[in-house]
1. For segment 53-111, give me each residue that is closer than 27 Å to Arg34 by Cα and among the polar types (S, T, N, Q).
2. Could you tell me which numbered condition Ala76 fails, if it satisfies all but one of (1) closer than 23 Å to Ser45 by Cβ; (2) loosely packed, with under 15 Cβ neighbours inside 10 Å?
3. If you check Arg135, Arg88, Arg106, which single one turns out to be closer than 22 Å to Ser27 by Cβ, in contact with a helix residue (DSSP H, G or I) (Cβ under 8 Å, 6 or more places away or on another chain) and among the charged types (D, E, K, R)?
4. Quick check on segment 64-78. Is at least one of its residues farther than 23 Å from Ser23 by Cα, in contact with a helix residue (DSSP H, G or I) (Cβ under 9 Å, 6 or more places away or on another chain) and either at pLDDT below 95 or assigned to a helix (DSSP H, G or I) (or both)?
5. Would it be correct to say that Leu6 is outside any loop (DSSP other than H, G, I, E, B), touching a strand residue (DSSP E or B) at 6+ places or on another chain (Cβ under 6 Å) and in contact (Cβ under 8 Å) with a residue 12 or more places away in the chain?
6. Out of all the residues in segment 1-58, which are under 18 Å from His114 (Cα atoms), among the aromatic types (Phe, Trp, Tyr) and surrounded by fewer than 18 Cβ atoms within 10 Å (Cβ to Cβ)?
7. Which pairs turn up if I take residues in segment 48-75 that are touching a residue at least 40 places away in the same chain (Cβ under 8 Å) and look for partners that are of a type in the set (Val, Ile, Thr) and surrounded by 12 or more Cβ atoms within 10 Å (Cβ to Cβ) with beta carbon separation below 6 Å, at least 6 apart in sequence or on another chain?
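The values are calculated or read from the model by the stated rules, or taken from the named source; none is laboratory data. Everything numeric in this text was worked out from a predicted model, so none of it was measured. Glycine gets a Cβ as well: all are built from the backbone with ideal geometry, and neighbour counts include every protein chain shown.
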Amino acid sequence: MNDIHLFCLKPVHVLKQRNRLKSFLGSTAESTKRPLGSLNIIFCSDEYLLGINRDFLQHDYYTDIITFDLSASRKAPLEAELYISIDRVKENAATLGQPFYRELHRVIFHGLLHLLGYKDKQKKDKALMRQMEERLLDEYFL
């Protein structure tokens, strides 16, 4: 049973089909044999996420997402939190020439992919992550 919650510390007006998004996230995780137990997605500001980045990761820079896997083990259902900066997503969307709603969903899927074991530090890992993000975007929006 998926227990997915969306929290808006900063308003997000483009998430009109929240139940569809929750179902898609749950079925995507399930298809990788790592079902979701609970997932909290928290939409916030740059400053809020910067505070989390400093306090928990000792990084002093803005980012669009921070993912926390709170699962008991790799075999247990996923228990996680995604913190997403709406400010950063808007700026990235403008820089990349993408619609805001698409960039927001890409970042959400990016966080889920991290939880499912995908990495993005090495060049080849980053390429696979982008490929998977695009695949999920296509599946979701087509």
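1. If the condition is that a residue be closer than 27 Å to Arg34 by Cα and among the polar types (S, T, N, Q), then Asn53, Thr63, Thr67, Ser71, Ser73, Ser85 are the ones that fit.
2. Condition not satisfied by Ala76: (1).
3. Details: Arg135 fails: in contact with a helix residue (DSSP H, G or I) (Cβ under 8 Å, 6 or more places away or on another chain); Arg88 fails: closer than 22 Å to Ser27 by Cβ.
Matching residue, one of Arg135, Arg88, Arg106: Arg106.
4. The answer is no, given that none of the residues of segment 64-78 is farther than 23 Å from Ser23 by Cα, in contact with a helix residue (DSSP H, G or I) (Cβ under 9 Å, 6 or more places away or on another chain) and either at pLDDT below 95 or assigned to a helix (DSSP H, G or I) (or both).
5. Numbers: outside any loop (DSSP other than H, G, I, E, B): yes; touching a strand residue (DSSP E or B) at 6+ places or on another chain (Cβ under 6 Å): yes; in contact (Cβ under 8 Å) with a residue 12 or more places away in the chain: yes.
Judged against the criteria, Leu6 is a match.
6. Across segment 1-58, the qualifying residue is only Phe56.
7. Asp64/Val89; Asp64/Val107; Ile65/Ile84; Ile65/Val107
Each row is one residue, and each column tells you yes or no for (1) surrounded by 21 or more Cβ atoms within 10 Å (Cβ to Cβ); (2) at pLDDT 95 or above; (3) not β-branched (Val, Ile, Thr).
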| residue | (1), (2), (3) |
| --- | --- |
| Lys90 | no, yes, yes |
| Tyr101 | no, yes, yes |
| Gly111 | yes, yes, yes |
| His114 | no, yes, yes |
| Gly117 | no, no, yes |
| Asp120 | no, no, yes |
| Lys126 | no, yes, yes |
| Gln131 | no, yes, yes |
